[in-house]
2 protein chains.
Amino acid sequence: MLSFMSAKIRLYVDHPLGEGQTVPLSREQAHYLFGVMRLGPGGQVLLFNGRDGEWRAEITGAGKREGAAQVLERTRPLQAPPDLWLLFAPIKKARTDFIVEKAAEMGAARILPVQTEFTNAERIRQDRLQAHAIEAAEQCGGTFVPPVAELQKLDAVLADWPAGRRLMFCDEAAAGQARTLSDVLAGEPWAVLIGPEGGFSPAERGRLLDLDFVHAVSLGPRILRADTAAVAALTLWQQALGDWR
Amino acid sequence: MLSFMSAKIRLYVDHPLGEGQTVPLSREQAHYLFGVMRLGPGGQVLLFNGRDGEWRAEITGAGKREGAAQVLERTRPLQAPPDLWLLFAPIKKARTDFIVEKAAEMGAARILPVQTEFTNAERIRQDRLQAHAIEAAEQCGGTFVPPVAELQKLDAVLADWPAGRRLMFCDEAAAGQARTLSDVLAGEPWAVLIGPEGGFSPAERGRLLDLDFVHAVSLGPRILRADTAAVAALTLWQQALGDWR
């Protein structure tokens, strides 16, 4: 499904992009472009920074530890996702990485790891998770990169919940009680909440179901791993309320 | 989301299950139960075979290389999925394993790896993929295990397509043309087709779109990796036509 991958190398840069700009390339990018991919001066790449769309650029400097590219022209505008956050409880390392990768692919605008009562993880590597979101955008043609927040307690996030944002609560215990998202609520800011292995505690469930911005949604009669549940929940939301409609 | 995992060990056995049955345990199961989990005679496990539901059983023999359990009572009936096949083009090893795992979790009834024009894989390890489907059912509380077929050419599968089965074709090129599944078609046999990296060839697309059992469906405006696309497509189908309704 990645038809353009072989055709063009796409790189994320943390630098403004505009016609004529010169963009420095990092040590890792220099190694990849000049060492692995054998590009040199005159070679072309696609650059994006999550804000200014995607731009064609030409390599102008190719050193061992650094490089530079000059921006030529914009190839695509920024494709911003809908205003959807993903809240998830970190699980085992590989599957946490996966959730972040999938959230970026599926068009989440912000990724918030949250600590629930049954969450084992005490900390996350925010920098590594952010790198996974960037890599997903590089690989999948995205022009936007969702920021990954530091780990916060779910209670604190709920206590400080922004006015007007709705929360789709993927409630394992709601299996069987089919509830669907009404498209009356399209165009509003939303968030999706995925629980950890072990689900939510009864106290957490009770609190969530009492909040007026919370909409409990079932993900079917089977038990899903958290990474599967994240993709399924984002699919339901995108199809009912987001930009898949 | 796996609340019962710590509570009970669940094992797949390729053996009939019924009250009073004695079930032999394999060398791997003996190692896991007696070596890793430190169970012994009198310990209880849950067994399922994909046909007879889930049963509580008691360990009656615990050797180094083998074991036995006696079946006590049925804890859950067989939960058969809807009549939905997943056809997918094998990709890199880890992601192919993932697609099979996700298909089992999401309730596919049969998994068919297919070779398309842009599929690199010449062969698959059917036995390893089948083991992944079993493991997904063990972990996620499933009582059904979808059979994984040997690799076949997509052309041959289409030429021999069973009468009355519809095919949801996840067409990357359909992004933007929203088509939805009409629930008039619920209750019929279906299949979902996911392409490889690189998508389908123009000839394949043309052929698929000409077939009267094919329904092209868009998975949104972003490019998805094949494993993400599989979960998203199964979600759309389950929500519109399957047992999530």
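For the reader, a short list of remarks on this structure follows.
- Subset of the stretch A:194-244 (residues that are over 16 Å from the mean Cα position of the chain (by Cα), charged (D, E, K, R) and either part of a helix (DSSP H, G or I) or within 21 Å of A:G164 (Cβ to Cβ) (or both)): A:E204, A:R205, A:R207, A:D210, A:D212
- Number of the condition not met by B:L167 [criteria: (1) surrounded by fewer than 13 Cβ atoms within 10 Å (Cβ to Cβ); (2) not in a helix (DSSP H, G or I)]: (1)
- Restricting the stretch A:192-212 to residues that are farther than 24 Å from A:V100 by Cβ and among the hydrophobic types (A, V, I, L, M, F, W, C), the residue that is nearest to the other protein chains (Cβ to nearest Cβ): A:A203
- Filter result (at pLDDT 95 or above and farther than 24 Å from A:C140 by Cβ) within the stretch B:165-193: B:R165, B:R166, B:L167, B:P189, B:W190, B:A191
- Scanning the stretch A:87-119 for residues that are aromatic (F, W, Y) and either without any contact (Cβ under 8 Å) to a residue 24 or more places away in the chain or part of a helix (DSSP H, G or I) (or both) returns a single hit, A:F98.
- Selection over the stretch A:138-150 of residues that are under 13 Å from A:L11 (Cβ atoms), at pLDDT below 95 and within 11 Å of chain B (Cβ to nearest Cβ) gives a count of 3.
- Single match in B:G107, B:G18, B:G42, B:G63 (criterion: touching a Ser or Thr at 6+ places or on another chain (Cβ under 9 Å), of a type in the set (G, A, S) and either on the phi > 0 side of the Ramachandran plot or outside the structural domain of B:D127 (by TED's automatic domain parsing) (or both)): B:G42
- When the criteria are applied in full, B:W237 meets the requirement of being out of contact with any Lys or Arg (no Cβ under 8 Å at 6 or more places or on another chain), in contact (Cβ under 8 Å) with a residue 60 or more places away in the chain, of a type outside the set (G, A, S) and more than 7 Å from chain A (Cβ to nearest Cβ).
- Residues that are of a type outside the set (G, A, S), assigned to a helix (DSSP H, G or I) and surrounded by fewer than 21 Cβ atoms within 10 Å (Cβ to Cβ), drawn from the stretch B:120-131: B:Q126, B:D127, B:R128, B:Q130
- The listed residue being over 19 Å from the mean Cα position of the chain (by Cα) and within 14 Å of another protein chain (Cβ to nearest Cβ), out of A:D171, A:D155: A:D171
- Counting residues in the stretch A:53-72 that are under 30 Å from A:L185 (Cβ atoms) and assigned to a loop (DSSP other than H, G, I, E, B) gives one or more.
- Residue count for the stretch A:219-234, restricted to those that are facing chain B (nearest Cβ under 7 Å) and touching a helix residue (DSSP H, G or I) at 6+ places or on another chain (Cβ under 7 Å): 9.
- The criterion of being in contact with a Cys (Cβ under 7 Å, 6 or more places away or on another chain) and under 18 Å from B:A226 (Cβ atoms) does not hold for B:E122.
- Picking from residues in the stretch A:66-119 that are within 12 Å of chain B (Cβ to nearest Cβ), touching a Lys or Arg at 6+ places or on another chain (Cβ under 9 Å) and of a type in the set (K, R), the one that is surrounded by the most Cβ atoms within 10 Å (Cβ to Cβ) is A:K102.
- Only residues that are within 17 Å of A:G107 (Cβ to Cβ) and of a type in the set (K, R) were counted in the stretch B:199-245, giving 2.
The values are calculated or read from the model by the stated rules, or taken from the named source; none is laboratory data. Note that the coordinates shown come from a computational prediction; the quantities given were computed from them, not determined experimentally. FYI the Cβ positions are ideal-geometry reconstructions off the backbone, even for glycines, and counts take in every protein chain you see.
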